[in-house]
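> Handing you this structure, nothing more for now.
The values are calculated or read from the model by the stated rules, or taken from the named source; none is laboratory data. Computed from a predicted structure; not experimentally measured. All Cβ positions, even for glycine, are placed from backbone atoms using ideal geometry, and neighbour counts span all protein chains on display.
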């Protein structure tokens, strides 16, 4: 009886975590708990490491306040050596489509280069850019744009 | 030459819509057969051109064509809509007409009295599975025919005849080619903005004959026409590898342009159709390459740690305009087609992007981005004479109609809440004078239009 009830509740919790992920951004820290996501998964990365870093307008260099997230990602990737990731680069809507495709790619490459410099094998990291075409936040204001200028690390 | 063919009254009317003299390109579009009904009118053409903003559009009467229906009425309606949309003609309300479908010489007094300066008449005959359409253009005041042509085509193709007649009227009266027998390819967008489905779609310039070219399984962006209007180049995310593809729009057969390393984007055909110019991203830098379509070999035009995107050839193929952040932010640059002699041409307020060279060679259209406002504008290829045509929250991606008189682009509205409510993306067109902005109808949200050249044959 108990297990029957628990299964759907656990599934619900997972969905909620995914839906919230964009808002939590890279701010999430802290060690995984025994009952937390399975280590080495996207859920683990989101909950315990931070799956994304943010960029300034029209920039692709790693901000000092974002570097700790990539440091944790590098350590996490060293721990989970079987994991391969793709870094998705994005831009906010205040640019043109073609330029933002290039800008998103440069952001993804910038994050990838950072991880490689921290000792992660580059063969484990691929990149892709979606430019401004896949916003994480749908608002049309500074706060939303700051959330959308991002590079998101996704476990493959 | 012009004055012998057009009456002083019609010339006057044309002068009032701001026409001045200019050399003219030859050759009229043909469906299958063109029959000259008036050899004199065919042999001599006006040499007049639009240089300034219009004042009064030309009053023109376009009664239903006689003969086989419903095509006779429908062809007249399509011509009427085309000419009205151009902003340069004012089709007279059919309810004012005193005679219907004149077949022989019209009773000109009845057209003069309702204010018509020009009159279009025609006749449609069904011949098996084909239509034969005759049309005549009359200068109303002296009562003379100034154009007469017959076309035949398959019945389902009747709209093209209406567009070709529209182009003939436009060209005969304004002295430059029309843009009605053309198509627009664009990106159709559906679904919530963070999970958009983006499909390539193609339609006639008036929104008719709409069909999808891709199924939306992978996003496709930035479609651009080959000069033959039958092929497009575009970027597809097929198999999650964003790269440039080519497609035959009739068969919808897609081919990868080439197996180049990294992302390739912002393709455009060269004016001779033999190569594609694009950006390729390698090591975080976007540089411009030209890919030969026969050998598939690439030639690199720009290098260095910048984002060089949106390249576009000049119509003579001698120059390339593109945007680059090499100077710190996005600006427009022109270089020789071999990559040499690069110089910046944009120096106004804000960033500049998506440059496209007019088919006439005289202007470059662009998107200008400032903090709160995006704009579509034009400047001369040396960067002088900048004019903003339209401004708004978000607009980008101008594309010229083949006569260089009209631009299409896309506009987005600002989201009003955190769920993206109030957001829309729509196509629009505007004259290079900055007048006559109009929505281009599409079934769903739309972005990234590209206007085809005139359809051959």
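> (1) modelled with pLDDT of 95 or more; (2) more than 16 Å from the chain's Cα centre (by Cα); (3) more than 21 Å from residue B:354 (Cα to Cα); (4) not in a loop (DSSP other than H, G, I, E, B): which one isn't true of residue B:215, the others all being true?
Against the list (1) modelled with pLDDT of 95 or more; (2) more than 16 Å from the chain's Cα centre (by Cα); (3) more than 21 Å from residue B:354 (Cα to Cα); (4) not in a loop (DSSP other than H, G, I, E, B), residue B:215 comes up short only on (4).
Each row is one residue, and each column tells you yes or no for (1) within 14 Å of chain A (Cβ to nearest Cβ); (2) under 24 Å from residue B:157 (Cα atoms); (3) surrounded by fewer than 20 Cβ atoms within 10 Å (Cβ to Cβ).
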{"site": "B:194", "(1), (2), (3)": "yes, no, yes"}
{"site": "B:212", "(1), (2), (3)": "no, yes, yes"}
{"site": "B:219", "(1), (2), (3)": "yes, no, no"}
{"site": "B:222", "(1), (2), (3)": "yes, no, no"}
{"site": "B:232", "(1), (2), (3)": "no, yes, no"}
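> Out of the range B:107-129, which residues are crowded, with 18+ Cβ neighbours inside 10 Å and either under 14 Å from residue B:77 (Cα atoms) or in contact with a strand residue (DSSP E or B) (Cβ under 6 Å, 6 or more places away or on another chain) (or both)?
First, the residues of the range B:107-129 that are crowded, with 18+ Cβ neighbours inside 10 Å: B:108, B:111, B:116-124.
Selection gives B:111, B:116, B:117, B:118, B:119, B:120, B:121, B:122, B:123, B:124.
> With the structure loaded, tell me whether residue B:418 is at negative phi, surrounded by fewer than 17 Cβ atoms within 10 Å (Cβ to Cβ) and not in a strand (DSSP E or B) or whether it fails that test.
yes
> Go over the candidates A:115, A:103 one by one and state the one that is more than 9 Å from every other protein chain (Cβ to nearest Cβ) and either in contact (Cβ under 8 Å) with a residue 40 or more places away in the chain or in a helix (DSSP H, G or I) (or both).
A:115
> In the list B:274, B:259, which residue meets the criterion of being at pLDDT 95 or above and more than 14 Å from chain A (Cβ to nearest Cβ)?
The unique qualifying residue is B:274.
> Can you confirm whether residue B:98 is more than 23 Å from residue B:209 (Cβ to Cβ), free of Cβ contacts under 8 Å to residues at least 24 places away in the same chain, in the same structural domain as residue B:166 (by TED's automatic domain parsing) and touching a helix residue (DSSP H, G or I) at 6+ places or on another chain (Cβ under 8 Å)?
Yes.
> If we keep just the residues of the range B:421-436 that are surrounded by fewer than 18 Cβ atoms within 10 Å (Cβ to Cβ) and over 19 Å from the mean Cα position of the chain (by Cα), which is farthest from the other protein chains (Cβ to nearest Cβ)?
B:424
> Now for a separate question. Could you figure out which of (1) in contact (Cβ under 8 Å) with a residue 60 or more places away in the chain; (2) out of contact with any strand residue (DSSP E or B) (no Cβ under 9 Å at 6 or more places or on another chain); (3) over 25 Å from residue B:415 (Cβ atoms) isn't true of residue B:239?
(1)
> Then there is this: Taking the conditions exactly as written (under 25 Å from residue B:313 (Cα atoms) and more than 13 Å from chain A (Cβ to nearest Cβ)), does residue B:447 satisfy them or not?
No.
> Sort through B:420, B:404, B:392 and tell me the only one that's assigned by TED's automatic domain parsing to the domain that holds residue B:223 and touching a helix residue (DSSP H, G or I) at 6+ places or on another chain (Cβ under 8 Å). Outline the logic, then answer.
On the way: B:404 fails: touching a helix residue (DSSP H, G or I) at 6+ places or on another chain (Cβ under 8 Å); B:392 fails: touching a helix residue (DSSP H, G or I) at 6+ places or on another chain (Cβ under 8 Å).
So the residue among B:420, B:404, B:392 that is assigned by TED's automatic domain parsing to the domain that holds residue B:223 and touching a helix residue (DSSP H, G or I) at 6+ places or on another chain (Cβ under 8 Å) is B:420.
> Could you please let me know if residue B:116 is outside any loop (DSSP other than H, G, I, E, B), within 13 Å of residue B:62 (Cβ to Cβ) and either without any contact (Cβ under 8 Å) to a residue 40 or more places away in the chain or within 31 Å of the chain's Cα centre (by Cα) (or both)?
no
> Another question, if that's okay. For the range B:362-381, what are the residues that are surrounded by fewer than 16 Cβ atoms within 10 Å (Cβ to Cβ) and farther than 25 Å from residue A:140 by Cβ?
Taking the range B:362-381 first, the residues surrounded by fewer than 16 Cβ atoms within 10 Å (Cβ to Cβ) are B:362, B:370-373, B:380.
Selection gives B:362, B:380.
> Right, here's the next one. Within the bounds of the range B:148-168, is there any residue that is assigned to a loop (DSSP other than H, G, I, E, B) and under 19 Å from residue B:69 (Cα atoms)?
Taking every residue of the range B:148-168 in turn, none turns out to be assigned to a loop (DSSP other than H, G, I, E, B) and under 19 Å from residue B:69 (Cα atoms).
> Checking the condition within 14 Å of chain A (Cβ to nearest Cβ), crowded, with 21+ Cβ neighbours inside 10 Å and modelled with pLDDT of 95 or more, which residue from B:166, B:188 passes?
Testing whether each residue is within 14 Å of chain A (Cβ to nearest Cβ), crowded, with 21+ Cβ neighbours inside 10 Å and modelled with pLDDT of 95 or more leaves just B:188.
Conditions (1) assigned to a strand (DSSP E or B); (2) modelled with pLDDT of 95 or more, marked per residue:
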| position | (1), (2) |
| --- | --- |
| B:371 | no, no |
| B:377 | yes, yes |
| B:391 | yes, yes |
| B:398 | yes, yes |
| B:402 | no, yes |
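> Just to be sure I understand, how many residues within the range A:80-91 are assigned to a loop (DSSP other than H, G, I, E, B) and crowded, with 23+ Cβ neighbours inside 10 Å?
Result for the range A:80-91: 1.
> Can you tell me which residue in the range A:118-156 is nearest to the other protein chains (Cβ to nearest Cβ), limited to those that are assigned to a helix (DSSP H, G or I) and farther than 28 Å from residue B:394 by Cα?
The qualifying residue nearest to the other protein chains (Cβ to nearest Cβ) is A:122.
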